[in-house]
Amino acid sequence: MSKILLLLGIACCMFSCASVKPVGTFPGTPTAAPDYSNLTFWAAHPDKEDPADRVPDGVSKQTDLLEEVDVFFLHPTTYTGKKGHDQWNGVLTDVKLNERTDGSTILYQASIFNDAGRVFAPRYRQAHLNAYFSADTASARKAFALAYQDVRAAFQYYLENYNEGRPIIIASHSQGTTHAGPLIKEFFDGKTLQDKLVAAYLIGMPVPKNFFKEIKACETPASTGCFCAWRTFRRDYVPPREVTGDQIAVTNPLSWTLDNTYQPKTLNQGAVLRKFEKILPELVDAQVEQGILWVNKPKFPGSFLFRTKRYHIVDLNFFYLNVRSNARQRAESWLKEMADR
């Protein structure tokens, strides 16, 4: 999948897709590696107050699973589009970049999972957005490899210092999924740790059904030890130059099945868009089609300006409450399965 994601992936920060291209060839200006014993290098961590702890107005946050289950979240690309952001990989001490990450994906995406367990989200030297599209593919590959090096180090540190045998949810979006796939292959697929995998939410990138040797796509809402994946587009739109077709795993987040049965928006418990505090119920429907997920054009204040047919940046947020409740359901299901053994 790493080759597919490198060549055909789409990565965006939550609010902007403008890009300032990296200068020169990799590595550009060398940047220091993270020290994951320092909480500064975690965007979300149970031992610090961070945006992943928040919930929208009216949404409950239960604490019973916080000592039972962990969530390891890998954020999408936020390194893009600003003057001075012209290296192949982000700098971990860039205060503005970290604020952008925390105020976008950590708040709007990682917070989805805080009802299912403790949320860990490492900062990592993410590859520049342009690495997905650059003609300098050698530098791009090295940029992604450096980012994965940090992700791997963060997960290894987490396992050795924080996990203490807890089951794990892996959650990711866009560039996060670029790295989550290889991480699961290396640490879970066919390994002892596979027994600790509650589920993986590998969102925003094409994930082939047979990408893993032993880990399959989830087939029911309560399945465990499996993965969910989808990419969201407006109904009747088949994106050009995308990996599509029956070989790609697509989960319908309104039914949590893999079939192409239409699911009406009445099943959508609530989306969260620009106003984090506000829940928008029944915003979009969902149907699996040709290796992607189709939804209706949403209607909300200002939606007449929302003309894109690619709903990549809201892959998770269109289904905020559905994903939230499902992550909890799978965590409870895993714990029950263990108790029944």
For a label point 7 Å along the Cα-to-beta-carbon line of E282, residues of the range 240-273 with backbone N under 20 Å: 253-256, 262-273
Candidate lysines for bridging to K191, where Cα separation is under 28 Å - those fewer than 8 sequence places away on the same chain excluded: K3, K142, K209, K213, K216, K336
Of E242, E67, E277, the one that fluctuates the most in a GNM where the chain has Cα springs shorter than 10 Å: E67
Sparse-neighbourhood loop sites, chymotrypsin sites (Phe, Trp or Tyr not before Pro) in the range 247-297 - DSSP loop, at most 11 other Cβ within 10 angstrom: none
The range 33-83: trypsin sites (Lys or Arg not before Pro) falling in loop per DSSP and having at most 12 other Cβ within 10 Å: K48, K61, K83
Separation between Cα centres of the range 194-251 and the range 33-47, rounded to whole Å: 29 Å
Sorted peptide list for 298-311, 192-205, criterion being average Cβ within 10 angstrom, highest first: 192-205, 298-311
Computed E for V23/E49 - FRET, C-beta separation, R0 41 angstrom, nearest 0.05: 0.65
At least 20 Å along the helix axis (C-alpha) and Kyte average at least -1.0, DSSP helices within the chain: 137-158
Separation of the K61 and R152 label points, Cα + 7 Å toward Cβ, nm: 3.4 nm
Highest-fluctuation residue, Y158, Y79, Y148 considered, GNM on the chain with Cα pairs under 10 Å: Y158
Fraction of beta bridges assigned by DSSP in the range 57-192 that are antiparallel (%, nearest 5): 10 percent
DSSP beta bridge pairing in the range 2-340, given as percent antiparallel to the nearest 5: 35 percent
Fluctuation leader among E186, E164, E282 - the chain, Gaussian network, Cα springs under 10 angstrom: E164
Full-stretch length increase - S325, A145 - with 0.36 nm per residue and alpha-carbon distance subtracted: 61.5 nm
Relative contact order (%) - the range 2-340, alpha-carbon pairs under 8 angstrom, separation at least six: 19 percent
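Each reported figure results from applying straightforward, stated rules to the coordinates on display, with no laboratory input. On a predicted model such as this, the values are computed, not experimentally measured, just so you know. In this analysis, Cβ positions are derived from the backbone assuming ideal geometry, glycine residues included, and neighbour counts consider all displayed protein chains.
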